[in-house]
Amino acid sequence: MQELKARIIAEQPRFNATLATEVGTLHPLVQPVAAHVLKAGGKRLRPLLTLLVARALGYADDDIYPLACSVELLHSATLLHDDILDDADLRRGMAAAHTVFGSTATVLAGDALLALANLIVARYGDPRLTACISEAIIRTATGEIVEIAHMRGTDHGRDTYIDIITGKTAWMLRASCELGALRAGASEEAVRAAAAFGLDLGIAFQIVDDALDFADRADTGKPVGGDLREGKLTPPLIYYLETLSGPAREAFISRFRDGGFSGDDVARISAEIRALGIIERTRELAGNYIEKAAASLETLPDCPERRTLMQTLAYVQHRDR
């Protein structure tokens, strides 16, 4: 994955500068909240996908950078809102924005970032680009609503879970790839392939993320079992529930619905999930989507950017944090 790492290091300064420039157009009272969430960092995977897809399809103009960063602003807006919904204190080791600026200001700053993302895309004067990011916003919000509707429920299974994460996570990666292909003036076939690649990559990304929720804290640096505490029925918990029967199953379902798991309960169940090989089984599920994403990439021209995109699949499948 050396090419991917090198490209991330090379492009991050340009992405960060572009994001800072765009956020600098907001009202001075909004800027600190937006800057706070962007300061939490990340690999800037979404803008990198837009850039790589556009370059793979022959687009050389540097005006791609604001477009690439539009979905990152959308993503940042969802982080501001999600941390309030989850009552989270931290975001990548930093204080969550709502704990610093208050919930009202943070919600409104998130709204401003959503609007800014749309405004950036609208500047390109291509209705297809505007439709792409608008649909991503709709799908992302819908995914969150569907997740909330099924919170602490155990009657739904893997299909509903996939529906949830397709909206709340994968559609943004889909949009990142589709925006790059559309800006490159690619054929309909190439646009569809890029979009499919991003969608399956995003699904795999979230599945692996949910597997890591139960990994050893020393490996991930994150609290263990957050989804269990919050009542989110992810594949590790779906698979774990399948191993239970009788009173043990009834007790688990009752506590899951009531939010009655103690810290010791969470630690014990997380350890059982690891011992049962469920993390590996969950990664295998992600592997199915990785394979589909790889097949979609075959439609794009063989070039260094396509090879780097292929490395994002390996990164997602094998990441440990």
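The values are calculated or read from the model by the stated rules, or taken from the named source; none is laboratory data. Note that the structure is predicted; figures quoted are calculated from it, not measured. No Cβ is skipped: glycine too gets one built from the backbone with ideal geometry, and neighbour counts run over all protein chains shown. The accessibility values were calculated without ligands, DNA or RNA, using every heavy atom of the protein model including side chains. Shrake-Rupley method; radii C 1.70, N 1.55, O 1.52, S 1.80 Å.
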Plugging the Cβ-Cβ distance of ARG128 and ARG281 into 1/(1 + (r/R0)^6) at R0 = 56 Å yields, to the nearest 0.05, a FRET efficiency of 0.90
With x for Gly and Pro, the residue-by-residue ³J(HN,Hα) of the stretch 39-51, computed from phi through the Karplus equation 6.51 cos²θ - 1.76 cosθ + 1.60 at θ = phi - 60° and given in whole Hz, is 5, 5, x, x, 7, 6, 4, 5, x, 5, 4, 4, 4
With N set to the residue count of the stretch 122-184, report its C-alpha Rg divided by 2.2 N^0.38 Å to two decimal places. 1.34
In nanometres, the difference between 0.36 nm per residue of separation and the alpha-carbon distance of ALA267 and ALA141 is 42.2 nm
What percentage of the solvent-accessible surface of the chain, computed with a 1.4 Å probe over protein heavy atoms, is contributed by carbon and sulfur atoms? 53
Cα centre as origin, Lys/Arg/Asp/Glu Cβ charges: the stretch 171-321 dipole, Debye: 200
Under 18 Å Cα-Cα from LYS43, which aspartates and glutamates qualify once same-chain neighbours fewer than 8 residues away are excluded? GLU3, GLU11, GLU72, ASP209, GLU305, ASP320
Alpha carbon convex hull of the stretch 91-228, projected area averaged over orientations, nm²: 10.2
Nearest-ten-degree value, helix 304-318 long axis tilted from longest Cα axis of the chain: 10
Helix-only CD estimate at 222 nm, as mean residue ellipticity for the chain, using -39500 (n - 2.57) per DSSP H run (n ≥ 4): -24000 deg cm²/dmol
Within the stretch 190-216, what residues put their amide N at less than 19 Å from the label point 7 Å along the Cα-to-Cβ vector of GLU291? 196-208
Ignoring ligands and nucleic acids, ARG321 exposes an accessible area, probe 1.4 Å, in Å² to the nearest 10, of 140
Would you give the gap between the C-alpha center of the stretch 24-47 and the C-alpha center of the stretch 240-278, rounded to a whole Å? 38
Sort LEU119, LEU182 by accessible area with a 1.4 Å probe, largest first. LEU119, LEU182
At 7 Å along the Cα-to-beta-carbon direction for both ASN118 and ALA40, put a label point, then send me their distance in nm to one decimal. 2.3
Among 20-26, 241-247, how do they line up from the highest to the lowest mean number of other beta-carbon atoms within 10 Å? 20-26, 241-247
Per-residue HN-Hα couplings for the stretch 267-283, Karplus 6.51 cos²θ - 1.76 cosθ + 1.60 at θ = phi - 60°, whole Hz, x for Gly and Pro? 5, 5, 5, 4, 5, 5, 4, 5, 5, 7, x, 6, 4, 5, 5, 5, 4
Per residue, how much accessible area does the chain show when a 1.4 Å probe rolls over the protein heavy atoms, in square angstrom? 43
Amide H to amide H, which residues 5 or more places from ARG91 or on other chains are under 5 Å from it, using H placed in the peptide plane? ALA96
Based on Cα coordinates alone, diagonalise the gyration tensor for the chain, multiply each eigenvalue by 5, take square roots, and list the semi-axes in whole Å, largest first. 33, 24, 17
Rounded to the nearest 20 debye, what is the charge dipole size of the chain about its Cα centre when +1 sits on each Lys and Arg Cβ and -1 on each Asp and Glu Cβ? 520
Euclidean distance of C-alpha centroids, the stretch 281-298 and the stretch 102-140, integer Å: 29
Length-normalised contact order for the chain - Cα pairs under 8 Å, 6+ apart - percent: 21
Mean separation of Cα contacts under 8 Å, 6 or more apart, over the residue count of the stretch 102-221: relative contact order %: 22
In order through the stretch 250-261: 3J(HN,Hα) via Karplus (6.51 cos²θ - 1.76 cosθ + 1.60), integer Hz, x for Gly, Pro: 5, 5, 4, 4, 4, 5, 4, 5, 8, x, x, 7
Of 164-175, 258-269, 142-153, ordering from highest average Cβ density within 10 Å down gives 164-175, 142-153, 258-269
Where in the stretch 42-68 does the label zone of ALA17 land, with the point 7 angstrom along Cα→C-beta and an amide N cut-off under 20 Å? 42-52, 55, 60-68
